[in-house]
Amino acid sequence: MVSGEGFLDAAERAGLEPMPIEALRRNVVLRGISIDELNATVGHEVRIGECRLFVHRRNVPCKYREAQCQRPGLRNKLWDACGVCCEILPPLGKDGGKLAIKVGDAVAVIPDTHNPKRINVGFKPPGFFVRPEELSLEDVKKMIIPPFVAAVMALWDPEGFMRVERAYNNGGGVLFWSPKAYAVGKRVGEARTGILAAVFVTLISVAVGVAVNVRG
């Protein structure tokens, strides 16, 4: 979720061309709460209407969203203004069931729920949470997706491998895969049928060999 007014004000102060808040692609847009107030909810439970959330971390802007919005410099200039990531929790005092967030619902931090040990940032590398202009060369190297990962994805889902690259390219020429990883993944995708056939034949051969040894 994101502070709508806070984000738009920060974008104006940063000199970025005006953009609709929808372009940021956040699930919930809040009004009447500042960027600092929202960021301070990290590690707390928050109530929105009848729904309860736990705030795990700030939602830092990515290069894909910057490219899609066609706002060069968005990541550096609005690093702290792009909202927070939350986990949906069971509602308080309810038997369960589905509860919806409605326009006009009040937002409040639930008292005595601050617990930094509950924070889970996922599998993101440390450099993911560093403002781009402050990244060291070592940080950048650690964030490069290795060719092995590209090969596995291309073997598992060749269409998905190409789709994510096209999506980044269409967003303004941004690359998702490094040139080396893309080249490896592309070759694997093109040879996928042969690779899978070879694996299948190998497995059958091993199974036959095991069966013969058992009988012997």
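Determine whether region 14-22 contains at least one residue that is buried (at least 16 other Cβ atoms within 10 Å of the Cβ) and more than 28 Å from N115 (Cβ to Cβ). Spell out how you get there, then give the answer.
Residues of region 14-22 buried (at least 16 other Cβ atoms within 10 Å of the Cβ): 16.
Pick out the ones that are also more than 28 Å from N115 (Cβ to Cβ) and you get 16.
Yes.
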Flagged in region 30-47 as open to solvent by less than 60 Å² (accessible area, probe 1.4 Å) and either of a type in the set (D, E) or closer than 22 Å to N120 by Cα (or both), in numbering order, are I35, L38, N39, T41, V42, G43, H44, E45, V46
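Go through region 121-132 and give me each residue that's among the aliphatic types (A, V, I, L, M) and surrounded by fewer than 15 Cβ atoms within 10 Å (Cβ to Cβ). Break it down into steps so the answer makes sense when it comes.
First, the residues of region 121-132 that are among the aliphatic types (A, V, I, L, M): 121, 130.
Across region 121-132, the qualifying residue is only V121.
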Here are some residues: L53, L135. Which one is within 19 Å of the chain's Cα centre (by Cα) and crowded, with 18+ Cβ neighbours inside 10 Å?
-> L53
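Do you know which of the residues in region 17-35 that are more than 19 Å from the chain's Cα centre (by Cα) and touching a residue at least 24 places away in the same chain (Cβ under 8 Å) is farthest from V84 (Cα to Cα)? So that I can check it myself, show each step before the final result.
Residues of region 17-35 that are more than 19 Å from the chain's Cα centre (by Cα), as a first pass: 17-20, 30-35.
So of that shortlist, the ones also touching a residue at least 24 places away in the same chain (Cβ under 8 Å) come out as 17, 19, 30-35.
On the way: E17: 23, M19: 19, L30: 11, R31: 14, G32: 16, I33: 13, S34: 12, I35: 10 Å.
So the residue we want is E17.
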Tell me, yes or no, whether region 128-150 has at least one residue that is under 30 Å from A67 (Cα atoms), small (G, A, S), at pLDDT below 90 and touching a helix residue (DSSP H, G or I) at 6+ places or on another chain (Cβ under 6 Å).
-> no
Listed residues L89, L175, L155, L74; which is without any contact (Cβ under 8 Å) to a residue 12 or more places away in the chain and either more than 25 Å from E5 (Cβ to Cβ) or surrounded by 11 or more Cβ atoms within 10 Å (Cβ to Cβ) (or both)?
-> L175
Failed criterion for R71 (all others in (1) in contact with a Phe, Trp or Tyr (Cβ under 7 Å, 6 or more places away or on another chain); (2) in a loop (DSSP other than H, G, I, E, B); (3) closer than 23 Å to A14 by Cα; (4) not small (G, A, S) hold) = (1)
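The values are calculated or read from the model by the stated rules, or taken from the named source; none is laboratory data. For clarity, every value in this text was computed on a predicted model and none was experimentally measured. A quick note on method: Cβ atoms are made from the backbone with ideal geometry, for glycine too, and the neighbour counts reach across all protein chains shown. Areas reflect the complete protein model, heavy atoms only, side chains present, ligands, DNA and RNA absent. Shrake-Rupley method; radii C 1.70, N 1.55, O 1.52, S 1.80 Å.
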